[in-house]
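Chemist: Below you'll find the structure I mean.
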Amino acid sequence: MLKINLLPIRQLKKRSRAAGQLLAMFLLFLVVLAVLAGVGMLQWNKIKGLEQDIASLESEKASYTPILAKIDQLKKDALELARKTEVINTLKTDSSLTVRVLDEVARRLDNQRMWLESLQQQDAALRLSGVALDNQTIAQFMDHLKESPFVHDVTLTGASLKVVSGRNLKSFELNCVVGQPQATDPAPTVAN
């Protein structure tokens, strides 16, 4: 006798394969989900550790705030001291300027041929007025003043004839600019 199996074997095999594939996909999905959960937990732990590090660094930074404020104050004090030192040095050099200018004028004056009637200094402006025997003496005096490191821009503002004791002499007025001599920088050295 012949037995005929009317059950669809191919379909049953396909169904069992499909069920196995679904089970494998589900297991694979669970494995991927578990891996993602593990990675997520690791990242979360790392974030928490970094947040704790940030909090400790912030508290350490806050502990340095008074020190930074003190450093800023010291920098301001140093700048103020440098400014005051510069003012003191300027006052020292300027206080001796008038004495040096008077000395320069006196040394460059030809006492035999001229004399000064007035000398006025206001800040950097110097005004001289006097009497000389002739124009050549005035010109020589101007040239001698120009040679001084303290006197600059010597200009003749007026010259006129003046009779003194029956003699025709030259009255003059000079304007000058006075200042400290400029410090010359040493020539740069070439390294071999």
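The values are calculated or read from the model by the stated rules, or taken from the named source; none is laboratory data. All figures in this text were calculated on a predicted structure; none of them were measured in a lab. All Cβ positions, even for glycine, are placed from backbone atoms using ideal geometry, and neighbour counts span all protein chains on display.
Chemist: Among the candidates 82, 78, 124, 69, single out the residue that is touching a residue at least 40 places away in the same chain (Cβ under 8 Å) and either on the phi > 0 side of the Ramachandran plot or within 30 Å of the chain's Cα centre (by Cα) (or both).
Modeler: Unique residue meeting the criteria: 124.
Chemist: Also, I was wondering about something else. Is it fair to say residue 2 is surrounded by 10 or more Cβ atoms within 10 Å (Cβ to Cβ) and either of a type in the set (Gly, Ala, Ser) or out of contact with any Pro (no Cβ under 6 Å at 6 or more places or on another chain) (or both)?
Modeler: Spelling it out, it is not the case that residue 2 is surrounded by 10 or more Cβ atoms within 10 Å (Cβ to Cβ) and either of a type in the set (Gly, Ala, Ser) or out of contact with any Pro (no Cβ under 6 Å at 6 or more places or on another chain) (or both).
Chemist: Could you please give the count of residues in region 126-153 that are small (Gly, Ala, Ser) and modelled with pLDDT under 90?
Modeler: 1
Chemist: Taking into account only those residues within region 154-192 that are within 20 Å of residue 93 (Cβ to Cβ) and surrounded by 13 or more Cβ atoms within 10 Å (Cβ to Cβ), which is modelled with the lowest pLDDT?
Modeler: 180
Chemist: Can we say residue 17 is among the charged types (D, E, K, R) and surrounded by 10 or more Cβ atoms within 10 Å (Cβ to Cβ)?
Modeler: So residue 17 passes the test.
Chemist: Let me ask you something else. Can you run down the residue pairs with Cβ atoms below 6 Å, 6 or more apart or on separate chains, where the first is in region 48-65 and modelled with pLDDT of 95 or more and surrounded by 10 or more Cβ atoms within 10 Å (Cβ to Cβ) and the partner is part of a helix (DSSP H, G or I) and not basic (Lys, Arg)?
Modeler: none
Chemist: Restricting attention to region 114-132, report how many residues are out of contact with any strand residue (DSSP E or B) (no Cβ under 6 Å at 6 or more places or on another chain) and not acidic (Asp, Glu).
Modeler: The total comes to 3.
Chemist: Report yes if residue 24 is surrounded by 10 or more Cβ atoms within 10 Å (Cβ to Cβ), in a helix (DSSP H, G or I) and over 35 Å from the mean Cα position of the chain (by Cα), otherwise no.
Modeler: Criteria met by residue 24.
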